[in-house]
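Below: the structure, in C-alpha cells.
The values are calculated or read from the model by the stated rules, or taken from the named source; none is laboratory data. Every value quoted in this text rests on a predicted model; they were computed, and no experiment measured them. Note that each Cβ is placed from the backbone with ideal geometry, even for glycine, and that neighbours are counted across all protein chains shown.
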Amino acid sequence: MFSLTWGSVSGWWVPVCLILGVLYAWLLYRQPINLDKRFRVGLAILRAVVVFFIAMLLVSPLIKTVKYTPQKPLVLIAQDNSSSVNTFKSPGFNAANFLNDLSRLKQQLGDEYDVQEFNFSKNLNNGLSNKFTGKQTDIANALRQLNNRFVNQNIGALILATDGLYNQGNDPQYEAKNIKTSIYTIALGDTVAKRDLLIGNVSYNKTAFLGNDFEIEVLATAYQSKGENMRLTVTENGKQVHTQTIAVTSGDFKKAVSIKLTADKKGLRKYNISIAPVKNELSTQNNTETIYVEVLDARQKVLVLYQSPHPDITVIKQAIETNKNFEVKTVLLPDMTGTKPADYSLIVLYQTSAASSAAIKSFITKSKTPVWYIIGSQSDLPSFNTEQNLVKISSGRTELQEVFALPDADFSAFTLSDSSSKKIAALPPLLAPFGNYGTSPGTSVLLRQKIGVVPTAYPLLAFGDDGGRRTAVLAGEGVWRWQLAEYQNYGSRNATDELLSQTVQYLTANANRQRFRVYPARNVFDEGENVIVNAELYNDALELINTPDVKIDLKNQAGKNYSFLFSRSGQSYQLDAGALPVGEYTYTAVTKNGTQQFKAGGPLTIKPLNLETRQSAANHGLLNTIAKQSGGKTLYPNQINQLSNLIRKNDNIKTVVYEDKHYSDIIDVKWLFALILLLLTAEWFLRKREGEI
C-alpha cells in the first residue's frame with residue numbers, strides 16, 4: 001500500500017498543480033486547428049495530465065509505502081541429549097517413541113506455526129537426537145543461546161524436554177526469566193535415586209609445604225544404600241596412605257570426610273581417592289577421583305609498596321594469595337624500616353617509584369628481582385620512565401582518562417582462559433594517564449587500551465625482560481572496580497583473580513633459576529579436552545629463548561607413546577596435543593642449547609567425565625518452577641500429544657503482523673517518468689497522425 005504524504009509541503013499545491021495543467025492545455029489548444037473538437041479535448045486532457053505530474057515533481061511530496069509482514073509464532077523444541085536422560089530413565093520410558101512423539105508436534109501444529117527443533121548437552125545443536133551421549137549438561141546455556149538466536153522474533157512457546165539435572169553453568173530458572181514466552185517442560189528421568197556410591201566432590205589446596213600436614217575434604221555420597229558400609233581409600237603412587245569405613249545411615253546419604261595427610265616429599269604428588277563398589281551398584285565410574293598436590297619447600301614472598309591507601313591494594317593481595325604458593329606483604333613507604341627487599345621474590349610498586357626509597361632503589365639496581373609497576377594518579381611519570389625501559393609514557397598534563405582492557409590474541413608468554421579474556425574485555429574501564437605510549441622491542445602486551453570504542457596500540461598490561469629482570473607494567477588504576485563488576489555480573493571474581501595471579505606467577509617463574517621448565521596447563525584434564533603443555537627455556541643470563549627445538553613424549557600406563565614437537569609461541573613454547581585417551585600419563589621433554597642438554601618431566605591424568613552419573617534422581621521441581629513462572633505447564637513423556645492443544649488454546653501465542661513504513665521522494669518513483677513519457681508520446685503520435693506536426 002502507498003499514499004502521498006506532504007511533510008512540510010502544503011497539500012493545497014495539488015489543486016494549484018491541477019489548475020496549472022488545465023490552464024496550460026487551454027492555452028495550447030484554444031486556437032481553432034484542423035482537429036475535431038472531441039479530438040482536441042482528448043489531447044488537451046493528455047497535456048493537462050502531463051503538466052500536472054511535472055508540476056507535482058517540482059513540488060516534491062513524499063510517497064508513503066506501507067508493507068505488512070505476518071510472522072507465524074515460533075515454537076522452539078529443546079531436547080536434552082545428555083547421557084543421564086537414558087541412564088536414569090523412568091520405568092516404561094522408550095527413547096525412540098519419545099522422539100517420534102516430539103517430532104510429530106510439527107505436523108500436529110500445521111502451517112500456522114513455525115516449529116524449530118534443537119538438542120543440547122553442554123552446547124546447543126540443531127535438530128533432535130537419539131544418541132544421548134552428552135557428558136555435560138548446561139541448561140542455562142541452551143536457554144541463553146535460544147534467546148539470543150531468536151531475539152526480537154515472535155517466540156510463541158518453548159518446549160524444554162529434560163530431566164532437570166545440570167552440572168555446568170548457572171541455575172536455569174534465572175535464565176528462563178529472560179525468555180518472554182510460555183515454557184512447557186517435559187519431565188524426563190526418574191525422581192527416585194538409584195543405588196549408587198560416589199565421590200560427590202573433593203576440596204583441597206593445590207599446594208602444601210614440606211613437613212606440614214594438609215587436609216583433603218571428600219564428600220562421600222550414597223543413594224538407596226542404607227545399611228551398607230563405604231570403604232574410602234586414599235593412595236599415593238599405589239601406596240595406601242589412608243583408609244576408613246563410613247556407615248551409610250539413610251537412603252540419601254552425604255557426609256563430608258576430612259582426611260589429614262603429611263607432605264613428606266617435595267614435588268608434585270598424585271593421590272587417588274576411591275570408594276569400594278557395592279553389590280548391584282548402578283555405576284562405578286563415579287567412585288574414583290585423582291588429585292595432584294605440589295609440595296613446596298616454602299612460599300614465595302611478594303612485597304607491595306605504596307604511597308597511600310587504595311582499594312586496589314586489597315584486591316591485588318587477595319588475588320595473589322588465591323595461589324597458596326604466595327605470601328603477600330603490603331607496606332607503606334614511610335614504614336619501610338625493618339623490611340628486607342632481599343627476602344622477596346617480587347616487588348610491586350603501586351603508584352610509586354623506586355626513587356621514593358633509597359633502600360628499594362639500591363636493591364633494584366643491584367639485583368635481578370622482578371618488578372611490577374602499577375601506574376595511577378599518584379605516579380611520578382618522569383621517574384617511572386627513567387627506572388624501566390619497557391613502557392614510556394609521554395604526557396604534558398597530569399590528567400587521567402578511562403581506558404577499557406582489550407586482550408591481545410598474539411600474547412603468548414602465558415595463557416588466560418577464554419572465559420576470563422571475554423570477561424575482562426567487558427569489565428569497566430581503568431584510569432590511565434593521558435598521553436602517548438611507547439614500548440621497547442621485545443615487549444609482550446597482554447592487554448591494550450581501548451579508549452571509548454576506539455582500539456589503540458597503547459599498552460595497558462605489558463611484560464618484558466629489562467636487563468635480565470622480568471618486568472611488568474599495568475598502566476592504570478581501579479582494578480577494584482573489575483572485582484566488583486565481575487562479581488555483580490557473573491557471581492565470581494575468577495577472571496580478575498586469574499589475571500593478577502597469572503601475572504605474579506609469570507614474573508616469579510624463574511626465581512628458582514630453573515633453566516628448563518615444562519608444565520601442563522592442568523595436571524588433570526577432562527576426557528575430550530585438549531591437552532595443553534607449556535615450556536620455557538632460559539639461557540645463561542636467565543633470558544627467555546625459544547631457538548632450539550623441544551620434543552616431548554607422553555606415555556600412558558599401557559606403554560603407548562605419543563610423541564610431539566612443541567610450537568614456538570612468543571618467546572616460549574606451547575603444545576596442543578589434542579584430545580588423548582583416558583588414563584594416567586607421564587611426560588618427558590628434552591631440548592639442547594649449545595652443548596647443554598635439558599630434560600624435564602612429570603605426570604598428568606586424563607579422567608573420564610562422570611558428571612552425568614553424579615546425580616541419578618531427576619529434578620522435576622526445577623521444571624515445575626520454570627513452567628509456572630512463565631505461564632506454561634509441566635508434562636510427562638506420555639502427555640506430549642496434549643502439547644498441540646495447549647499451544648492452540650494459549651491466547652498469547654498468535655501470529656504477529658509487522659508494519660513497515662517507508663518514505664521516499666516522488667521523484668524516486670520511476671514509473672511516473674515512464675507515464676509522463678508515454679502520455680507525451682501518445683500526444684505527439686496523435687498530432688502527427690492528424691497532420692498537425
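Can you tell me which of I647, I666 is in contact with a helix residue (DSSP H, G or I) (Cβ under 7 Å, 6 or more places away or on another chain) and at pLDDT below 90?
I666
Are there strands (runs of 3 or more DSSP E) fully within segment 461-553 with at least 3 residues that are over 27 Å from P603 (Cβ atoms) and not aromatic (F, W, Y)? List them.
By residue number, 469-474.
Looking only at segment 354-372, which residues are in contact with a Lys or Arg (Cβ under 7 Å, 6 or more places away or on another chain) and part of a strand (DSSP E or B)?
Once the filter is applied, which keeps residues that are in contact with a Lys or Arg (Cβ under 7 Å, 6 or more places away or on another chain) and part of a strand (DSSP E or B), segment 354-372 yields only V371.
If you go through segment 200-209 one residue at a time, do you hit one that is in the same structural domain as S84 (by TED's automatic domain parsing) and in contact with a strand residue (DSSP E or B) (Cβ under 7 Å, 6 or more places away or on another chain)?
no
Return only the number of the condition from (1) crowded, with 20+ Cβ neighbours inside 10 Å; (2) in contact with a helix residue (DSSP H, G or I) (Cβ under 8 Å, 6 or more places away or on another chain) that M230 does not satisfy.
For M230, the exception is condition (2).
Does at least one position in segment 650-672 carry a residue that is among the aliphatic types (A, V, I, L, M), out of contact with any Phe, Trp or Tyr (no Cβ under 6 Å at 6 or more places or on another chain), surrounded by fewer than 12 Cβ atoms within 10 Å (Cβ to Cβ) and not assigned by TED's automatic domain parsing to the domain that holds G110?
Within segment 650-672 (the criterion being among the aliphatic types (A, V, I, L, M), out of contact with any Phe, Trp or Tyr (no Cβ under 6 Å at 6 or more places or on another chain), surrounded by fewer than 12 Cβ atoms within 10 Å (Cβ to Cβ) and not assigned by TED's automatic domain parsing to the domain that holds G110), the answer is no, since none of the residues qualifies.
Find the residue count for segment 197-217, including only residues that are touching a Lys or Arg at 6+ places or on another chain (Cβ under 9 Å), surrounded by 15 or more Cβ atoms within 10 Å (Cβ to Cβ) and not aromatic (F, W, Y).
Total meeting the criteria: 6.
Quick one: which of N286, N237 is assigned by TED's automatic domain parsing to the domain that holds Y204 and either touching a Gly at 6+ places or on another chain (Cβ under 6 Å) or closer than 19 Å to S203 by Cα (or both)?
Answer to the selection: N286.
Condition first: on the phi > 0 side of the Ramachandran plot and within 22 Å of the chain's Cα centre (by Cα). Can you find one or more residues in segment 450-458 that meet it?
Scanning segment 450-458, I find at least one residue that is on the phi > 0 side of the Ramachandran plot and within 22 Å of the chain's Cα centre (by Cα), so the answer is yes.
I'm trying to understand the selection: among the residues of segment 569-600, which are in a loop (DSSP other than H, G, I, E, B) and among the hydrophobic types (A, V, I, L, M, F, W, C)?
A577, A579, L580, V582
Would a scan of segment 69-88 turn up a residue that is of a type in the set (G, A, S) and under 30 Å from V14 (Cα atoms)?
No, segment 69-88 has no match at all.
Only residues in segment 467-495 that are more than 30 Å from A354 (Cα to Cα) and outside the structural domain of D171 (by TED's automatic domain parsing) count as the first member; pair them with residues that are surrounded by fewer than 21 Cβ atoms within 10 Å (Cβ to Cβ) and of a type in the set (S, T, Y), Cβ under 6 angstrom, at least 6 apart or cross-chain, and list the lot.
Short answer, once both residue conditions are applied: R493/Y487.
Mind checking which residues of segment 423-460 are among the aliphatic types (A, V, I, L, M) and assigned to a strand (DSSP E or B)?
L430, L431, A432, V445, L446, L447, I451, V454, A457, L460
Looking only at segment 250-308, filter to residues that are part of a loop (DSSP other than H, G, I, E, B) and within 34 Å of the chain's Cα centre (by Cα); which one of those is nearest to V331 (Cα to Cα)?
Only one residue tops the list, namely R299.
Quick one: which residue in D163, D213 is closer than 23 Å to V115 by Cβ and either in contact with a strand residue (DSSP E or B) (Cβ under 7 Å, 6 or more places away or on another chain) or assigned by TED's automatic domain parsing to the domain that holds I77 (or both)?
Checking each option against the conditions leaves just D163.
Residues of segment 405-421 being outside any loop (DSSP other than H, G, I, E, B) and touching a Leu at 6+ places or on another chain (Cβ under 8 Å), which ones?
A405, L406, P407, S420
Tell me the residue from K392, K423, K450 that is touching a residue at least 40 places away in the same chain (Cβ under 8 Å) and buried (at least 22 other Cβ atoms within 10 Å of the Cβ), please.
K423
Every residue, every condition in (1) at pLDDT below 90; (2) in contact with a Ser or Thr (Cβ under 6 Å, 6 or more places away or on another chain); (3) not assigned by TED's automatic domain parsing to the domain that holds G21, yes or no:
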site	(1), (2), (3)
L43	yes, no, no
P61	yes, no, no
D80	no, yes, yes
S84	yes, no, yes
K89	yes, no, yes
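Would you confirm, using the coordinates I've provided, whether S569 is under 30 Å from the mean Cα position of the chain (by Cα) and under 30 Å from L105 (Cβ atoms)?
no
Scan segment 156-182 and report the pairs whose first residue is closer than 15 Å to S630 by Cβ and whose second residue is basic (K, R), with Cβ atoms within less than 8 Å and a gap of 6+ or a chain change.
G156/K654; E175/R144; N178/R144
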